[in-house]
Amino acid sequence: MPVLPGAEPYRHEGGRVGVLLCHGFTGSPQSLRPWAEYLAEHDLTVVLPLLPGHGTRWEDLRITGWQDWYAEVDRELRALRERCARVFVAGLSMGGALALRLAAKHGDAVDGVMVVNPANEVHGLAARALPVLRHLVPSTRGITDDIAKEGVTELGYDKVPLHAAHSLRTFLRLVDGELPQVTQPLLLLRSTQDHVVPAADSARVLGRVSSTDVTEILLEHSRHVATLDHDAGRVFEESLAFVTRVVGDGAPDAVKGTAEESAEGSGTESMKESGTESVQQSGSGSAERFGAGPMEQREGTATGG
């Protein structure tokens with residue numbers, strides 16, 4: 001099936017710092033495109049793939065599962081590592097869960113994680129019935145467009161195939177068990193008016209990861225799709241400041257120099273405190289350029305729309 005206009009994947013070849021962005025369940029790259037373009041404008045290498053079954057018609061999603069979605073971002077991460085010295089993973093909703101699993105499985109190959117309203121569980125009584133219900137009912141109503149900003153629309157499906165929802169539930173339970181393996185610096189941005197993913201999901205993520213460098217930021221003027229909402233600009237600026245700070249801490253000299261020169265004064269210092277929802281405000285900043293020379297070698301290797 002042809003890809004819906006606006007749902008196309010996005011790529012930008014920039015400097016030696018790369019970011020892999022993962023969109024949400026039943027959504028498309030359109031929901032993260034402004035974020036991707038913002039990072040690209042600051043000379044990061046950016047990859048925003050279209051997940052299998054998405055961006056066409058809801059029936060195509062019905063025949064895919066979490067293994068397909070994860071395999072796509074895993075492949076993109078491995079390719080990004082081949083041409084970038086430092087790599088970050090990021091995502092919205094289910095995309096946040098995908099990013100967290102990439103961090104858990106790839107260890108030192110991932111330098112930092114940025115998630116917006118990450119999904120951790122499929123909630124409600126109907127979720128428990130999915131193993132049987134998916135064989136009786138093909139779909140339910142869609143979950144896209146939870147946006148407070150007038151005139152802004154998320155490009156996604158108006159129906160949720162229950163076979164895919166069941167697979168998502170299985171995936172989120174798998175990721176929950178792997179969260180203690182996440183040790184990288186973590187930036188979590190959470191909307192206070194989210195009607196798709198409850199605050200409990202972010203609290204669960206913060207309480208289970210093993211990261212010691214954790215920043216949580218509340219987005220008080222946005223709903224679930226914060227990357228298209230009133231706080232979108234803050235999401236973009238805080239994520240760039242986070243990348244700049246992490247790259248500046250222990251980066252190879254050739255990478256560190258370009259980041260420090262272009263992001264003077266940006267960054268945040270925050271520590272996870274006993275798994276609580278301690279809110280840290282990070283300083284906004286920008287990095288004009290993250291280096292475009294040869295790659296430095298390093299050792300090691302939702303429900304929301």
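Of the three principal axes defined by the Cα atoms of the range 1-155, the extents in descending order read 49, 37, 31 Å. What part of the accessible area of the range 79-178, given as a whole %, is carbon or sulfur when the probe is 1.4 angstrom? Solvent-exposed carbon and sulfur of the range 79-178 make up 50 percent of the total. Local charge for K105 was computed over the other residues whose Cβ lies under 15 Å away, with Lys and Arg +1 and Asp and Glu -1, and equals -3. What is the local net charge at V235, summed over the other residues whose Cβ is closer than 14 Å to its Cβ (Lys, Arg +1; Asp, Glu -1)? That sum, taken over residues with Cβ under 14 Å, equals -3. What the Cα atoms of the range 66-223 give is an Rg and a Dmax of 16.0, 49 Å. Principal semi-axes of the equivalent ellipsoid, √(5λ) from the alpha carbon gyration tensor of the range 107-198, are 26, 21, 11 Å from largest down. For the range 179-251, the square roots a ≥ b ≥ c of the C-alpha gyration tensor eigenvalues yield an a/c of 1.5 or more together with a/b not exceeding b/c, which makes the shape oblate. Normalising the Debye intensity of the range 34-111 to I(0), with uniform scatterers on Cα atoms only, and taking log10 at q = 0.11, 0.22, 0.23 Å⁻¹ returns -0.31, -1.10, -1.17. Here is the list for the range 18-116: trypsin sites (Lys or Arg not before Pro) lying in DSSP coil, each with at most 14 other C-beta atoms within 10 angstrom of its C-beta, are R57.
The values are calculated or read from the model by the stated rules, or taken from the named source; none is laboratory data. Keep in mind that this is a model prediction, so the values were computed, not measured. Here the Cβ is made from the backbone with ideal geometry for all residues, glycine too, and neighbour counts use every protein chain on show. SASA here: full protein model, heavy atoms, side chains in, ligands and nucleic acids out. Shrake-Rupley method; radii C 1.70, N 1.55, O 1.52, S 1.80 Å.
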